[in-house]
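Quick notes on the structure that follows.
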Amino acid sequence: MSAARPTLQVTKLAKWFGSVVALSDVSFDVGPGVTALLGPNGAGKSTLFRILCGLANPSQGTVRIFGEDPRANPAIARRIGIAPQQERLFERQTIVEFVTLAAILHRLPDPAAAAARAIETVEMDPADKRPLSAYSKGMRQRVKLAQALVHDPELLVLDEPLEGLDPRQRLRAIELFGRLGQEGRTVVVSSHVLDEVERFGSRILVIAQGRLVAEGPFSAIRDLMDDRPRHLRVGTDRPPALAAGLLSSEVANGAHVKDGWIEVETSDAPAFRRRVAGVARDCDARLLEVIALDEDLESVFAYLVGGR
């Protein structure tokens, strides 16, 4: 592979199922390191990953991995490690049997040794004799990650790999992704959780409603999201007085008094949070609560695609 060529090249990609459009005009390049694909559930992330790995044909557009079409050259699959979101494990097998089978399918010279290394990399025990059916959701996620790593791939495509992990396991998995990226591998990780993506410290691709709506470093994406107008619920014992004070102090663009609380719109949420207590004090009002009404990812993506 040429040093100047991205690992992944996606050009005007589209996928539809009858009248349902899953992806529309998606284009991006990805090189070595960790890249996060961020989007709400149903945004098209899994469909995109299936096409990237050569498991499905695009309806339109092209995908190139290491400069080649993965559907036209099946040998490319040996350079890709896949951990799908869906669970399709052989329930009666042990972890070492399952990961060894993956090593055999990749025609590795010593499947057992490769499986043991991969299992230890995800901090599990190759000697565990329990069937996979006895494993928790988090353990099963790590089993899928081990089989994705067993053949030492150059490209890793990981679909929601942190789902079901406990906080410690999430931290360790994120550290592992970072190490793999630093080794020169290309790691593409999907998530619908903004705080998870922030920990990757990586380039972000934001997908919503089947379209790529933003891309860049996390700091730039976060700034873009923070620039949108915010709606907050402010609880107080004097709603009219506090609403007037917030408007006159110019920390709120709009304020609507409701049943014992105020719905506030602000274009600078951090500044609002810093100053709202002082405004309440000046108005002789008790500040009971400040709750964001539109912090969920769906509202963020609606804003990014022009739905607000």
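The values are calculated or read from the model by the stated rules, or taken from the named source; none is laboratory data. Just so we're clear, the structure is a prediction, and the values are computed from it rather than from any experiment. Cβ coordinates were reconstructed from backbone atoms using ideal geometry, including for glycine residues, and neighbour counts include every protein chain displayed.
Matching residues to (1) touching a Pro at 6+ places or on another chain (Cβ under 6 Å); (2) free of Cβ contacts under 8 Å to residues at least 24 places away in the same chain:
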position	(1), (2)
Leu162	no, no
Gln169	no, no
Glu175	no, yes
Gly178	no, no
Thr186	yes, no
Val189	no, no
Val197	no, no
note = Exactly one of Pro58, Pro6 is out of contact with any Cys (no Cβ under 9 Å at 6 or more places or on another chain), in a loop (DSSP other than H, G, I, E, B), of a type outside the set (D, E, K, R) and farther than 24 Å from Glu183 by Cβ, and that one is Pro58
ask   = Does Ile262 fit the bill of being of a type in the set (Val, Ile, Thr) and either assigned to a helix (DSSP H, G or I) or touching an Asp or Glu at 6+ places or on another chain (Cβ under 6 Å) (or both)?
value = no
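To keep it simple, each residue is scored yes or no on (1) under 30 Å from Pro131 (Cα atoms); (2) touching a Lys or Arg at 6+ places or on another chain (Cβ under 9 Å); (3) touching a residue at least 40 places away in the same chain (Cβ under 8 Å).
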{"site": "Gly54", "(1), (2), (3)": "no, yes, no"}
{"site": "Gly61", "(1), (2), (3)": "no, yes, yes"}
{"site": "Phe98", "(1), (2), (3)": "yes, no, yes"}
{"site": "Pro109", "(1), (2), (3)": "yes, no, no"}
message = Suppose the filter is outside any loop (DSSP other than H, G, I, E, B), out of contact with any Cys (no Cβ under 8 Å at 6 or more places or on another chain) and free of Cβ contacts under 8 Å to residues at least 24 places away in the same chain; does Arg50 pass it?
response = yes
task = Inspect the range 212-224 for any residue being acidic (Asp, Glu) and under 22 Å from Ile65 (Cβ atoms) and give the result as yes or no.
result = yes
task = Give the range 139-168 a look and list any residue that's farther than 19 Å from Leu101 by Cα and either outside any helix (DSSP H, G or I) or at pLDDT 90 or above (or both), or say none.
result = Glu154, Leu155, Val157, Leu158, Asp159, Glu160, Pro161, Leu162, Glu163, Gly164, Leu165, Asp166
message = Residue under question is Leu180, and the condition is that it be surrounded by 23 or more Cβ atoms within 10 Å (Cβ to Cβ), at pLDDT 90 or above and out of contact with any helix residue (DSSP H, G or I) (no Cβ under 7 Å at 6 or more places or on another chain); does it hold?
response = no
Residues that are within 25 Å of Ser190 (Cβ to Cβ) and buried (at least 19 other Cβ atoms within 10 Å of the Cβ), drawn from the range 104-123 = Ala118, Ile119, Val122
